[in-house]
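Report on the structure given below.
Read-outs: derived from the displayed coordinates by stated rules, not from any lab. Since we're looking at a predicted model, the values are computed, not measured. Backbone-built Cβ (ideal geometry, glycine too); neighbour counts: all protein chains shown.
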Amino acid sequence: AREIRLADYQAPDYLIDTIDLTFNLDPIATRVSATMHVRRNGSHSRPLILNGESLKLISIDYDGEKLSEHKFALTDRLLTLPDVREDFVLTIVTEINPAANTALEGLYQSAGNFCTQCEPEGFRRITYFVDRPDILARYSVAIIADELDYPVLLANGNPVSLESAGEGRQIARWVDPHPKPSYLFALVAGKLTALKDTFITQSGRKIDLAIYVEPHNADRCAHAMDSLKKSMRWDEETYGREYDLDVFNIVAVDDFNMGAMENKGLNIFNSRYILAKPDTATDADYAGIESVVAHEYFHNWSGNRVTCRDWFQLSLKEGFTVFRDQEFSADMGSRAVNRIQDVNMLRQIQFAEDAGPQAHPVQPKSYREINNFYTSTVYNKGAEVVRMQRNLLGWETFRRGTDLYFDRFDGQAVTIEDFLQCMSEASGKDLSQFRRWYDVAGTPKLRVSDARLPGQYILKIQQEISGSEPYMMPLDVALFTAEGDPIALDGTGVLVQTLTVCEMHQSWSFSVDVPPNIRIIPSLNRGFTAPVEIHYPYDQEALAILSHADSDPFNRWDAMQKLWLLTLLERIKSGQNGPSESEPPLPEGLSHAFGQILLESDQDPMFVAECISLPSEKYLADQFDENIPFEAIHRERNLLRRQLAEVWESTLLLVYEKNQPADHYRYEPRAVGQRQVRRLVLSYLTTLDRPAWLQLAVTQFDRADNMTESFNALFALSVRPTDVFERLMARFEERWRHDPLIMDKWFALQAQRTDGDALERVRQLMGHPAFSLKNPNRVHALIGSYARGNLMDFHAPDGHGYQWLADRIIEIDGFNPQLAARLATAFNIWKRLDPARAILMKEALVRMNERPACSPDLSEITGKSLG
Ligand code: B3K
Ligand code: ZN
C-alpha cells in the first residue's frame, strides 16, 4: 500500500452535507441505498472521488438520472465521477455480503446478528463515500429486516419510527441531528434483549439508556449500566459536558477486533467489556468494564462533537479521552493505585514500543495502514502528554482550555495544534516547545545528579535525547533525610516543588536546613509527572528508605520496583550462563522493605498488592538491549519470590487471613484490594513446597462465591505441576465450557504455564470446542497469551514458538488482517535476541513478509520489524 503522509494533507474537494441510508438486510446480499447531497469545496474542476471496498455496485443516480457506465470510472477501491455540478444529489446502490465479512470491518455478522465497525475506514465497505473524518454529514437511516430474526433494529441518533414493511419485515427509522464523520456510523440488527434505565442530565433532560445483549446474557449488564451512569455524571461535574441525544444505546457483540467503539449514540462493545456478574467476571474485568464504558462515553465530546481532521490527529481524541478515563477511574477508586497501574502499563508496553521498530510519534507523520496506529503510543503516551499539560497549567487553567476547545470547535474536525492553541490561550503560556512531545518518537531520559553546599542542595538534570532540541516537562520533586523525614525547601513549609525542565542542562539549588552529615535522598518525578526514564544512582539503602517513607505513594511503589530491579538484574547478569552453585543471599534491605510493606495491608491492601508484585519477565527482558537471557530472567525471578516467601512465610499467611473479604462479593475498592493482596500472597506461598499452602488454594477455590477468588486460586496453583491443579482446571472447564468468554481465562492460564509443554498444550487447545480462530478474543487469550505471556516457551532455543506463531499469523491474515498485524508485534524484539534466536525469529518474519498474499496491515508491521 502507498504511504500516506501528514505533510500531504489537503482539504476535501467535495463536502457531503447529508446522507440518507436505506439498508435492506440480508446475511449474504444486503442492499444499501445512499442518497447524498454533495457540494464542491472551493473553486476547481477536479473529479469527485469516492472510496469503496468489497462492494458490488448496483446503480448510480445523479440528480435524478441514472448514470450510464461511461460517465464514471470504477476500480476495486475508487469510484470516480469526472464532470459534476457545483452541488447535486447522488444516489448510489450497492450490495454487500455481511456473512462473508471475516475482517470484522464494515457491516458483518456476529452470532447471527448484524453489527458494524467503521473506524477508521470501514464505512467504505458499506457504500461509496468520501471516507475521511473531515467530511461531516447529517445521517438518517432506514433499516428493513425480517422481524422474527431481527426484532431489534438500531442506528445512530434518535429513533423516529418502527413499522411493518409487509411480508414479515419491519422498517426502523433513525435520525442523528449531529453532523458526524463516517467512522462514527453504526447499525445493529438482531435478537437482543436490553437492560434499560434512565439518566437525568444536569439541565434536567431525561435520557433513555439501554444495553443490548444476547438473551442469555441479560443478567450480566448491571455493572456496565452502573458505570455508564457514573460516567455521565462525572463528565458533567468534571468537564461540564452534558449528553446530547434522547437515547444512549450500547450493544455487546462477541466478535470484535478491539475493545469497543464510540459510534454516536450507539456504542458497540466487545462483550468482554460489558458482561459481568460476580461468578463470571474478575475484579480486573469489572475495572476494565468501568473504564472502557467511561472511555467510549467520554468520546461523545472528545471525539464525536469535536473530531479529528485526519488520522494523524488520532491522539487528539484518543490521548485526551484516555486521560479523561484514567482520571475518572482514579475518582471512582484509589487514585494512587490507578496511577501505579497506568504507569506500569505505560512502561511495559509503550516504552517498549517506543524503543523498538514500530516507534512513532504521538502524532505520526506517515502510515500505510492506519489500523496499525491504534497503539499504546497514540493512546497512552498521548494521555501522558495531555496530563503534562494539566500539570503545567494546573487543573483550573487546563479546564478553561478544554472549555475553549469544546466551544470553539464544536461540530468541527480539528487538529492537535488546535488543542494546544486553546491551552496556550487559556494559560498565556507559550507551548511551542512542548509540541515536541507530539512530534518525536522515543522515551526521553533524564540523567540526574546532585551535590551539597553548606545549607544548600543542588539538583542537576541533563536531558539525554536524540537530537539537540530539549523537551519541556513538569517534574515534581521532594527531598527526604536518611531518617525518612521530608525536608522543607527554601526555608518555607513547602515540601514538593514542580520544576519546569526545558533545557538540555539545568540545575536547581534549594536551601535546606540539614546538617552535612545527614544524607539527603531525592524523590524524583513524583506521581510520574513526566513520561520519562530517570537515571539517578540510587543505592539499596536510599530505595529502601523511599519505599517506606516517601509521602507520594507512586514513588514508594516505584522505589520498591527499583529495589527489585537492582537485585534481579544483578542476579540475572551473573547467572546468565546457568544457575550459581549456591543460592545468593536475600539482600537485607529488600527483604526488610518487603516485610514492612506487608504489615500495611490493613490500611490499603491494593497498594500493598502493587508493591509486592515483582516486575514482570517482560519488563525484565526490556532492560536488555541484546542477548536477552530468558532462562536466567525466569529462574532468578522465581528464586527471589521463593526466598521472600521462605523468610516471610508466617507474615504472608497472616496477611492472607486478615484480608478475607466480607462474605458476599461486592465490587468496591477495599474488597478488591483485599482479594488482590490475597492473590499475591497466595502465589508467594504456593512457591514453597508445602502441601498446606496448596490446600489453602484448593480451599479458596472450593469456597469462593465469585470468579476473582476462584480464578486467583487457580492462578496461584498454576506455578507448579500438581494433580490438584489439573483437577481444579477440569472442574473449571466442566462448569464453564459453554461460555467462551469465561473459557478465555482458562485458555490464557494454560498458555502461560512454563512446564515445558506449553506449545503442545496450546496446539491441542486450538481444537477445544470453545476455541475459534475466527474470534479475536479467543485468539488473544490462547495465542496472544502464549506469545506475550510465556517468554520461556515462546523463545525456546529451537525456535518452535516462532515458527508456530508465524504459521498461525499467516492463517489469520487470510481472513482478518488487523488481528494478524497485532499478533505480529510479538516479533518486534528480534534484534535484541542472541544471534541463534535472532536468526530463527528473523526467518519467521521473512516468511510472513514475503508472501505475495501478505495483507498491507501485516506487511507494514513485518516490514518495519525487518527494518
Ligand atoms: N475508537 C475506537 C478504536 C477503533 C479502532 C479501529 N481499529 C475505540 C476507542 O479508542 O475508543
Ligand atoms: Zn478511544
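By the count of neighbouring beta-carbon atoms within 10 Å, fewest first, 118, 502 end up ordered 502, 118. Here residue 58 and residue 345 are evaluated by their C-beta separation; at R0 = 51 Å the FRET efficiency comes out at 0.60.
Pop the C-beta distance of residue 6 and residue 503 into the FRET formula with R0 = 41 Å and round what comes out to the nearest 0.05.
Working: r = 28 Å, r/R0 = 0.69.
Calculated value: 0.90.
Centroid-to-centroid, using Cα positions, segment 792-825 and segment 75-97 are 39 Å apart. Extension gain, residue 196 to residue 518: 0.36 nm times the residue separation minus the Cα-Cα distance gives 109.6 nm.
Mind checking the full-extension length gain between residue 853 and residue 175? Use 0.36 nm per residue of separation minus the Cα-Cα distance, one decimal, nm.
240.0 nm
Label reach from residue 485 (point 7 Å along Cα→C-beta): in segment 535-562, amide nitrogens under 16 Å belong to 549-551. Between residue 815 and residue 203, the distance separating the two model label sites (each 7 Å from Cα on the Cα→Cβ line) works out to 4.8 nm. Each label was represented as a point 7 Å from its Cα along the Cα-to-Cβ direction; for residue 722 and residue 407 these points are 6.4 nm apart.
If you take every residue apart from residue 167 with its C-beta less than 12 Å away from the C-beta of residue 167, what net charge results, scoring Lys and Arg +1 and Asp and Glu -1?
Details: positive: 169; negative: 146, 147.
Counting the neighbours of residue 167, the net charge comes to -1.
For the residues 386, 89, what sequence is obtained by ranking on other C-beta atoms within 10 Å, fewest first? Intermediate values should be presented prior to the final figure.
Numbers: 386 25, 89 15.
With the sparsest Cβ surroundings first, the list reads 89, 386.
Over all other residues within a Cβ to Cβ distance under 11 Å of residue 545, the charged ones net out to -3, with Lys and Arg as +1 and Asp and Glu as -1. Rounded to the nearest Å, what's the spacing between the alpha carbon centres of segment 451-526 and segment 161-200? Just the number, please. Comparing the Cα centres of segment 451-526 and segment 161-200, I get a distance of 58 Å.
Filter 277/745; 196/229; 229/317; 573/831 down to the pairs with a C-alpha to C-alpha distance above 23 Å, please.
On the way: 277/745 15 Å; 196/229 12 Å; 229/317 21 Å; 573/831 19 Å.
Cα-Cα > 23 Å for no pair; all within.
The distance between label points at residue 163 and residue 807 comes to 5.9 nm (points 7 Å beyond Cα on the Cα→Cβ vector). Among 736, 301, sorting on how many other beta-carbon atoms sit within 10 Å of each Cβ, with the fewest leading, yields 736, 301.
Of all aspartates and glutamates in the structure, those lying under 15 Å Cα to Cα from residue 206, and not within fewer than 8 positions of it along the same chain, are 197, 236, 242, 244, 246.
Grab the alpha carbons of the chain, take their convex hull, and tell me the volume per residue in Å³. Please report the intermediate quantities before stating the final value.
On the way: hull volume 147.5 nm³, N = 867.
Per residue, the Cα convex hull of the chain comes to 170 Å³.
Look at where the Cα atoms of segment 639-664 and of segment 419-447 average out, and the two centres are 45 Å apart. Placing R0 at 35 angstrom, the Cβ-Cβ distance between residue 666 and residue 702 gives a FRET efficiency of 0.95 after rounding to 0.05.
For residue 661, what is the net charge nearby, where nearby means another residue's Cβ is under 13 Å from its Cβ and Lys, Arg count +1, Asp, Glu -1? Walk me through the numbers on the way to the answer.
Values: positive: 658, 666, 670, 675, 678, 679, 703; negative: 283, 602, 657, 663, 668, 705, 709.
Every neighbour counted, the sum reads 0.
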